[in-house]
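None of the figures in this text is laboratory data; all of them are computed from the coordinates on show. Only a predicted model underlies this, so the values are computations on that prediction, with no experimental measurement involved. Cβ: placed from backbone, ideal geometry, glycine included. Neighbour counts: every protein chain shown.
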Amino acid sequence: MTDFSLPKTYDFESTERRLYQWWEENGWFKPENGRNPDGEPFVISIPPPNVTGVLHQGHALFVALQDLMIRYHRMRGRAALWVPGTDHAGIATQLQVEKKLRDEGTSREEIGRERFLEECWAWKEKYHGRITGQLRRLGASCDWERERFTMDEGLSRAVNEAFVRLHRMGLIYQAEYIVNWSPGLQTAVSDVEVEYSDEQGTLYYFKYPVAGADLADGPGVGYIPVATTRPETILGDTAVAVHPDDERYQHLIGKTCLVPMLNRPIPIIHDTYVDREFGTGALKITPGHDPNDFEIGQRHGMPVISIMNKDATLNNEAGPYAGMDRFAARKKLWADMAAADLVIKEEPYQMQVPRAQRGGEVIEPLVSKQWWVNTDGMAQLGLAAVRSGQIRIIPERFTKVYYHWLENLRHWCISRQLWWGHRIPVWYGPDGQVFVARSEEEALPAALDHYGENTSLEQDPDVLDTWFSSGLWPFSTLGWPDDTPDLRRFYPTDVMETGYDILFFWVARMIMQGLLYTNDIPFHTIYLHGLVRDEIGRKMSKTYNNVVDPIEVMDNYGTDALRFTLLTGSTPGNDMNLSLDRVRANRNFANKIWNATRFVLGNLPEDFTYTGAPDPDQLALPDRWMLHRLNEVIANATRLFESYNFGEAGRQAYDFLWGDFADWYIEAAKPRLQSDDPRPVLQTLVYVLDQTLRLLHPFIPYVTEELWQHLPKSKGESPALIIAAWPEPYPAFENQQAAESFERLRESVRAIRNARSEYNVDPSRKIAATINAGEFTGDFQEMAPILALLARLDPDQIIFGPAPTGEKGSTLVAGEISIFLPLGGMVDVAAELARLQKQLAETEKHLKGSEARLSNEKFVANAPANVVEQARQTLADLQAQRQRLAEQIAALDG
């Protein structure tokens, strides 16, 4: 005999560990071991988290979303593959290791590059297991045997291959150009590693002396008034620009100014870029320290003067300010200019300050010799892929942002002055000759051909931008550049799910590089999620002390509760607010499912045999309603999954299980479980529960798998829910008539429950009712025991027919059904009348006060609008309450 018992409570902690290990040991995360190994592939490449990172709510959201998609498609019979992996995170990892070395009293410079890289690899090995263990904790059903790391041997080979191919195509070049420079890290950083902080700064107005004129002659003659937020960069100016149509300065175009304190002559030029309305309408041009100025300088053939060293101290170009820190030089220069009568004024100015994502220092625009990729042609490929419909972006509104970014794409700086990362595959001969090759072994024969003798080569010291290797991720993880079975079977992938904040920095580059190297799109759909904020909408940060640690949440409430909260609380492309109250409520949902299953299993006889879908001909009306509703929910959930509306699919499944199944159908089933033949209702209970657990599995995999394992199974069923079939609507269960009939019962029950509440009827008291159901009387007579149970009616005092005349009572209307409840059977009329009259007197008292307040013209005229509106709403509520109490009193006292 089968034991269908279930523990009283759900122990999520032990269950989660046990089930994840069981899934993984059985190989069910692998596409080869799914329901249909030969089925059409469904592939997601995980956005690789930093190998030394710690799980945060952003990780939790993307893992929940991607795991949901993988589990859904696995159940649909697709060969589902989720490729896991981690990113070497060049800057983040190097910073961590450098900090460790400082704590040990040494530095990377002191120990040298080779030893430092050994330290980095050791750091990676130490912390790699932390982030992957946390991904597992979230239930990530990745194929861990296919896990990749951006600096593993295969991916490193792919990176070198990509660089060499780009160089051969003439798309990689080395040049001096302005970059985001991190003085602390002493490297160029990408735009995504720069965060713009809204800060109170200063706009400095000063006099730019016109050569040969006297300052005393005033603006437009003796000097040009100019404004800047970074006075120290004055020392690197190479021109002053004005708009060609600006009458204030037209006469000065072509003349010369003198750089303050240095007296270096520079030209006055005209350019339509100048905004006549900003500041003074004149613009200092510093090509060495501003990207816009750099482009103006290029147009006008001006020299580039860099006044800063790599550590943001000033160099010899700064004259007497050489050696000073940039901010100290700012103060000293401004003081000197004030003494020389060159200062006009200072104004507070709200500005966007570029700060390093790692460390928070102010980023300095700096001209530097770097390696670049010409992305012009690649950008056109990326634009065409989306415009043609080959790639779809969800939500669609981000398509315009994608277009704007690619249409205005600048060439890509791919070199970084770091040690940890993919070293640039370029070698230099003694005379500086460049050899681009996949390895030094490949570069040496080229050098031999060039020099005619064996020559020692030196590799470029820089490493590649992390986004260069990340851009190859969807195909390099499957074996590219080799023609591997995985690449043939699983590429292109299907969905790239990631945050909207890296659509441009990562996703666009994957599309461009995928099209360039594989001649195919890397995925057909981009699904973008938003940020996870705190419950009042603030960004989570240590500053606000509002960071919600997902590990702590899972420790307290279970993984399923966190996943379900994130999945049903988020919509594509929108930020979501995370409330622990919501997590607690979803923990209660898991308990509700557990208790519902425990009830069903507790009513199964030991010899129960599950036969799958019930026979419709043997079912009572509540069963037919339940199965019709199940069909609706399955169809809706499947449609919503296919249209990427995962949150709504989860909410509908939640409402169905909690409301329709647990609160209504189980209650309606109880009388019939005591009948002579409970088998049809038992089959229905098990079938509906089985199908609903399948619907919910992608959202809450642990509790659904645990409960499903306790359910009786039909012959030939899968050994685990993770590889069981996704539910399908069953045509034989379509029964609109049954659905409408039971819905009329539910409306009637709700009406009776509301009346009981209004009349303050003791919950344990069973009352009489006369029900006039007209043509639906037969249905109500069939369901009389259920009606009596759900509405707390006395089964012996349910009468079907018209309401009696001359008897005090409450008449209810529920759609086409009218219900008469005799008051004598519900309440002590005298006591209830006294209670209502007392409540009416209190309401009248409050009503007078509310009317008096609103009749006060001063209050209405002077109080805030929202306060007046609230007072009016209170008056309306009191008036409605008075009307309702009067009607109840009339019914009792009539």
Task: Beta bridge orientation in the chain: antiparallel %, DSSP, nearest 5 - done: 70
TODO: Sort the stretch 678-816 into rounded, prolate or oblate with this rule: let a ≥ b ≥ c be the square roots of the eigenvalues of the Cα gyration tensor; rounded if a/c is under 1.5, and if a/c is not under 1.5, prolate when a/b is larger than b/c, oblate otherwise.
DONE: prolate
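Taking 0.36 nm per residue of separation and subtracting the Cα-Cα distance, what length does fully extending Glu842 through Asp581 add? If you can, show how the numbers build up before the last one.
Values: separation 261, 0.36 × 261 = 93.96 nm, distance 3.53 nm.
Taking Glu842 through Asp581 to full extension adds about 90.4 nm, to one decimal.
Just flag the GluC sites (Glu not before Pro) in the stretch 192-256 sitting in loop per DSSP whose Cβ has no more than 14 other Cβ atoms within 10 Å. Don't skip to the end; give the middle numbers.
Values: sites: Glu193, Glu195, Glu199, Glu232, Glu247; in loops: Glu247.
Counting only loop positions with at most 14 other Cβ atoms within 10 Å, the GluC sites (Glu not before Pro) in the stretch 192-256 are Glu247.
Within a Cβ distance under 12 Å of Ala60, other residues only, what is the Lys/Arg minus Asp/Glu net charge? Intermediate values should be presented prior to the final figure.
Working: positive: Arg137, Arg563; negative: Asp67, Asp549, Glu552.
Combined, the nearby Lys, Arg, Asp and Glu give -1.
Kirkwood hydrodynamic radius, computed over distinct alpha-carbon pairs, for the stretch 436-481: how many Å, to one decimal? Spell out each step's value before the answer.
Numbers: mean 1/r = 0.0771 Å⁻¹.
So the Kirkwood estimate lands at 13.0 Å.
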Task: Extreme residue, positive dipole direction of the chain, given options Tyr730, Pro605, Ala720 (C-beta unit charges) - done: Pro605
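Compute the relative contact order of the stretch 12-96 as a whole-number percentage, counting only Cα pairs closer than 8 Å that sit 6 or more residues apart in sequence. All intermediate terms of the calculation are to be shown ahead of the outcome.
Values: 89 pairs, mean separation 34.0, N = 85.
Relative contact order, the stretch 12-96: 40 percent.
Rounded to two decimals, what ratio of Rg to Rh does the stretch 775-843 give with C-alpha atoms and a Kirkwood Rh?
Details: Rg = 15.0 Å, Rh = 14.1 Å.
Across the stretch 775-843, the Cα-based Rg/Rh ratio is 1.06.
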Open item on the list: So if I place +1 on the C-beta of Lys and Arg and -1 on the C-beta of Asp and Glu, and nothing else carries charge, what would the dipole magnitude of the stretch 1-87 be about its Cα centre? I want it in debye, nearest 20.
Closed with: 220
- [ ] Could you check the simple spin-label distance between Asp796 and Ser456, using points 7 Å along Cα→Cβ, in nm with one decimal?
- [x] 11.0
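Express the Stokes-Einstein translational diffusion coefficient of the stretch 587-653 in µm² s⁻¹, to the nearest whole number, given a Kirkwood radius over alpha-carbon pairs, 37 °C and a viscosity of 0.692 mPa s. The partial results should precede the final answer.
On the way: Rh = 14.5 Å.
Roughly 227 µm²/s, to the nearest whole number.
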Open item on the list: Suppose the Debye formula is applied to equal point scatterers at every Cα of the stretch 687-731; what is log10 I(q)/I(0) at q = 0.30 Å⁻¹?
Closed with: -1.28
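What is the sum of charges, Lys and Arg at +1 and Asp and Glu at -1, for the other residues whose Cβ falls under 13 Å from the Cβ of Ser741? List each step's numbers first, then the result.
Details: positive: Arg624, Arg629, Arg744, Arg746; negative: Asp623, Glu740, Glu743, Glu747, Glu775, Asp779, Glu782, Glu816.
Surrounding charge for Ser741 is -4.
Which value in Å does the Kirkwood hydrodynamic radius of the stretch 602-727 take, with 1/r averaged over all unlike C-alpha pairs and then inverted?
Details: mean 1/r = 0.0661 Å⁻¹.
Taking the inverse mean of 1/r over all distinct Cα pairs, the stretch 602-727 comes out at 15.1 Å.
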Open item on the list: Based on Cα coordinates alone, diagonalise the gyration tensor for the stretch 201-322, multiply each eigenvalue by 5, take square roots, and list the semi-axes in whole Å, largest first.
Closed with: 22, 16, 13
- [ ] Would you pull out the residues with amide H under 5 Å of Val43's amide H, same chain only if 5 or more places away, H placed 1.01 Å from N?
- [x] Leu81, Asp494, Val495
Open item on the list: Suppose the Debye formula is applied to equal point scatterers at every Cα of the stretch 494-603; what is log10 I(q)/I(0) at q = 0.10, 0.18 Å⁻¹?
Closed with: -0.46, -0.94
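Suppose every K and R has +1 on its Cβ and every D and E has -1 on its Cβ; what is the size of the dipole of the stretch 464-616 about the Cα centre, in Debye to the nearest 20? Don't jump to the answer; show the numbers that get you there.
Working: 13 positive and 19 negative charges, 102 e Å.
The dipole of the stretch 464-616 has a size of about 500 debye.
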Task: Pairs of Cα atoms farther than 18 Å apart, the stretch 1-111, % - done: 69
Task: Inter-label distance, nm, simple model (7 Å from Cα along the C-beta direction), Asp325/Asn263 - done: 3.2
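Anything over 25 Å Cα to Cα? Flag those among Lys255/Lys284; Lys99/Lys331; Lys284/Lys345, in the order listed. Show your work: numbers first, answer last.
Numbers: Lys255/Lys284 14 Å; Lys99/Lys331 31 Å; Lys284/Lys345 17 Å.
In this structure, Lys99/Lys331 exceed 25 Å between Cα atoms.
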- [ ] Could you pull out which residues in the stretch 473-500 have an amide N less than 20 Å from a spot 7 Å beyond the Cα of Arg157, following the Cα-Cβ vector?
- [x] 473-491
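From the square roots a ≥ b ≥ c of the eigenvalues of the alpha-carbon gyration tensor of the stretch 303-370, which class results: rounded (a/c under 1.5), prolate (a/b over b/c), or oblate? Could the numbers behind the result be given before it?
On the way: a/c = 2.05, a/b = 1.23, b/c = 1.66.
Because a/c hits 1.5 or more and a/b fails to exceed b/c, the stretch 303-370 counts as oblate.
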TODO: At a temperature of 4 °C and a viscosity of 1.567 mPa s, determine how fast the stretch 832-876 diffuses translationally according to Stokes-Einstein, using the Kirkwood radius over alpha-carbon pairs as Rh; express D in µm²/s, rounded to the nearest whole number.
DONE: 112
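So if I average 1/r over every pair of distinct C-alpha atoms in the stretch 133-220 and take the inverse, what Kirkwood radius in Å does that give?
Values: mean 1/r = 0.0493 Å⁻¹.
Across the stretch 133-220, the inverse of the average 1/r is 20.3 Å.
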Open item on the list: Using all alpha carbons of the stretch 285-416, what is the percent of pairwise distances in each 5 Å bin, ordered from the shortest bin to the longest?
Closed with: 2, 8, 10, 14, 17, 15, 10, 8, 6, 4, 3, 1, 0
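When the Cα atoms of the stretch 743-894 are enclosed in a convex hull and the volume is divided per residue, what value in Å³ results? Mind showing how you got there, number by number?
Working: hull volume 20.5 nm³, N = 152.
Enclosed volume per residue, from the Cα hull, is 135 Å³.
Give the dimensionless ratio obtained when the Cα radius of gyration of the stretch 73-222 is divided by 2.2 N^0.38 Å. All intermediate terms of the calculation are to be shown ahead of the outcome.
On the way: Rg = 25.3 Å, N = 150, 2.2 N^0.38 = 14.8 Å.
In units of the 2.2 N^0.38 Å rule of thumb, it is 1.71.
Once Rh is set to the Kirkwood radius over Cα pairs, what Stokes-Einstein translational diffusion coefficient, in µm²/s, holds for the stretch 235-275 at a temperature of 10 °C and a viscosity of 1.306 mPa s? Don't jump to the answer; show the numbers that get you there.
Values: Rh = 10.6 Å.
Using the Kirkwood radius from Cα pairs, D works out to 150 µm²/s.
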TODO: Might you report the magnitude of the Cβ-based charge dipole of the stretch 787-839 about its Cα centre, with Lys and Arg at +1 and Asp and Glu at -1, to the nearest 20 debye?
DONE: 240
- [ ] Whole Å is fine, so just give me how far the alpha carbon centre of the stretch 794-854 lies from that of the stretch 319-341.
- [x] 85
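Which loop GluC sites (Glu not before Pro) in the stretch 420-518, with loop taken from DSSP, have no more than 16 other Cβ atoms within 10 angstrom of their Cβ?
Numbers: sites: Glu440, Glu441, Glu442, Glu453, Glu458, Glu497; in loops: Glu453.
Filter output for the stretch 420-518: Glu453.
Express in nm, to one decimal, how much length is gained between Ile502 and Gln200 on full extension, taking 0.36 nm for each residue of separation and deducting their alpha carbon distance.
Numbers: separation 302, 0.36 × 302 = 108.72 nm, distance 2.75 nm.
Full extension of this stretch gives 106.0 nm more.
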TODO: Determine, from the Cβ-Cβ distance of Ala834 and Asp336 and an R0 of 51 Å, the FRET efficiency 1/(1 + (r/R0)^6), rounded to the nearest 0.05.
DONE: 0.05
TODO: Label the stretch 489-528 by shape, choosing from rounded, prolate and oblate, from the square roots a ≥ b ≥ c of the eigenvalues of the Cα gyration tensor; if a/c is under 1.5 it is rounded, and otherwise prolate applies when a/b is larger than b/c, oblate when it is not.
DONE: oblate
Task: Relative contact order (%) - the chain, alpha-carbon pairs under 8 angstrom, separation at least six - done: 12
Task: Which of Trp82, Gly53, Leu95, positive extreme of dipole for the stretch 1-102 (C-beta unit charges) - done: Leu95
- [ ] Grab every C-alpha pair in the chain, bin the distances at 20 angstrom width from 0 up to the longest one, and report whole percents.
- [x] 12, 31, 29, 19, 9, 1, 0
Task: Net charge of Cβ neighbours under 11 Å - reference Tyr10; Lys, Arg +1; Asp, Glu -1 - done: -1
Open item on the list: Quick check on the chain: helices-only [θ] at 222 nm, where DSSP H runs of length 4 and up contribute -39,500 (n - 2.57) each and the sum goes over total residues. Nearest 500, please.
Closed with: -14000 deg cm²/dmol
TODO: Take the Cα gyration tensor of the stretch 443-557, multiply each eigenvalue by 5, square-root it, and list the three semi-axes largest first, rounded to whole angstrom.
DONE: 41, 23, 14
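Where in the chain lies the longest segment free of chymotrypsin sites (Phe, Trp or Tyr not before Pro) that are both loop residues by DSSP (not H, G, I, E, B) and have at most 11 other Cβ atoms within 10 Å? Numbers along the way, then the final one.
Values: sites that count: Phe278, Tyr544.
Result, exposed sites excluded: 545-894.
Pop the C-beta distance of Glu740 and Asn574 into the FRET formula with R0 = 41 Å and round what comes out to the nearest 0.05. Spell out each step's value before the answer.
On the way: r = 37 Å, r/R0 = 0.89.
Once the sixth-power term is evaluated, E becomes 0.65.
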Open item on the list: Given the options Trp181, His251, Pro219, identify the residue whose Cα lies farthest towards the positive end of the charge dipole of the stretch 149-257 (+1 on Cβ of Lys, Arg; -1 on Cβ of Asp, Glu).
Closed with: His251
- [ ] Once every Cα of the stretch 542-632 carries one equal point scatterer and solvent is ignored, give the base-10 log of I(q)/I(0) from the Debye formula at q = 0.19, 0.23 Å⁻¹, two decimals.
- [x] -0.99, -1.17
